[in-house]
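Only the coordinates and a few stated rules stand behind these numbers; no lab work does. As the structure is a computational prediction, the values presented were derived from the model and not from experiment. Cβ placement follows ideal geometry from the backbone for every residue including glycine, while neighbour counts extend to all protein chains displayed.
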Amino acid sequence: MNRDDTTDTPAAEGPAGPAAERLVGSVADRDDQAVEAALRPKDLDEFIGQEKVREQLDLVLRAARARGATADHVLLSGAPGLGKTTLSMIIAAEMGAPIRITSGPAIQHAGDLAAILSSLQEGEVLFLDEIHRMSRPAEEMLYMAMEDFRVDVIVGKGPGATAIPLELPPFTLVGATTRAGLLPPPLRDRFGFTAHMEYYEPAELQRVIHRSASLLDVEIDPDGAAEIAGRSRGTPRIANRLLRRVRDYAQVKADGVITREISAAALGVYEVDGRGLDRLDRAVLEALLKLFGGGPVGLSTLAVAVGEERETVEEVAEPFLVREGLLARTPRGRVATPAAWVHLGLTAPTGGGSGARTGANGQQDLFGT
Ligand SMILES: Nc1ncnc2c1ncn2[C@@H]1O[C@H](COP(=O)(O)OP(=O)(O)OP(=O)(O)O)[C@@H](O)[C@H]1O
Ligand SMILES: [Mg+2]
């Protein structure tokens, strides 16, 4: 997978970043973490959308079960909030195996990894989140563990150091990454199956919302769910978060039942518009259209115009605007697409050098930054 500009990266929306408290941010906040466990589908049948991934994974797991073997190592790649952690737990559940959860940043030394690997039970699922952030020595130990179920534990230092081989029970590694492009090829190649998670269709998110509403004991009608789905940026985590805010509004301002009107009014209060743009996204777009006639305009100038840091505009607002085909990054600067004018209800100036000649996906003339 290439590292394109259209992916919301954790660097862009990390917990400490400027997007920390954003209602439409894709990284989990503390609130999300508290409720997500309760909303996670428990098996493949309950997991909504991602049809291809589900079908392929179902085959991999069924075949392993039929052989009475441990499933192949699985790599899950995709943007934050699309269901990687959820799927890893489902893999363990479907295999009837225990799961051990750790993450790349938690494994600083090869010894940390050796300790985990040597304590695994046969058939156990080892979930390694943010696998692209593991240290190099640990990564090299993992190669051998994945391939031969063996590690060499180095005892001592310098010329007297010896490698003691250690046999491991067969296990299934499930790696998750938001940045598959950052994985070294030797690591990527050792996974038997790679699942690329895509953004969800509105109809799928609508099902996610219905399911969550019933788990949260909230009454919602189909139009109410559709309205929230359309504002959720293709991401179940955001859908669940918006649902909770709408539920609050419905309780306080109405009889608790979520309808289209209630959803629209509630999300209006939080400044999340019909397409999932928030205040920052719209400020960037509005400046581009109203102050610069749709561009092209340099990033720094645009950032000053909205009173934000360059990085905030580039990493927090732009990825979604580009993905939505509202903004294009060109060698001459940022340019609004015709869809941007339509979305903000403005008329594009005729003639002149403005207006992107890009298609609806805004993919023309992009840099690869
Ligand atoms: N296909 C799905 N069906 C129903 N709910 C889902 C689905 N995918 C994700 N969710 C819900 O979205 C939330 C976020 O999912 P999850 O934590 O698995 O995302 P993630 O890909 O691991 O994100 P991150 O990259 O931040 O770790 C969970 O509460 C989960 O219940
Ligand atoms: Mg996760």
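Values for this structure:
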{"quantity": "Mean projected area in nm² (Cα convex hull; one quarter of hull surface) for the stretch 202-269", "calculated": "3.6 nm²"}
{"quantity": "Principal-axis tilt of helix 30-39 within the chain, Cα atoms, nearest 10 degrees", "calculated": "70 degrees"}
{"quantity": "Cβ-based net charge around residue 78, under 9 Å, with every Lys or Arg adding one and every Asp or Glu removing one", "calculated": "0"}
{"quantity": "Dipole of the stretch 202-269, positive end: most advanced residue of 257, 246, 224 [Cβ charges, Cα centre]", "calculated": "246"}
{"quantity": "Considering only the stretch 40-196, percent of DSSP beta bridges that pair antiparallel, nearest 5", "calculated": "25 percent"}
{"quantity": "31, 129, 221, 281 arranged by Cβ crowding within 10 Å, fewest neighbours leading", "calculated": "31, 221, 129, 281"}
{"quantity": "Sequence of 318, 147 once ranked by neighbouring C-beta atoms within 10 Å, starting from the fewest", "calculated": "147, 318"}
{"quantity": "Relative contact order of the chain, defined on C-alpha pairs under 8 angstrom at six or more residues apart (%)", "calculated": "17 percent"}
{"quantity": "Cα centre as origin, Lys/Arg/Asp/Glu Cβ charges: the chain dipole, Debye", "calculated": "520 debye"}
{"quantity": "Antiparallel DSSP beta bridges within the chain, as percent of all bridges there, nearest 5", "calculated": "40 percent"}
{"quantity": "The chain: angle of helix 51-67 to the longest principal axis, Cα-based, in degrees nearest 10", "calculated": "10 degrees"}
{"quantity": "Mean Cα-pair separation over length for the stretch 202-269, i.e. relative contact order, pairs under 8 Å, 6 or more apart, %", "calculated": "37 percent"}
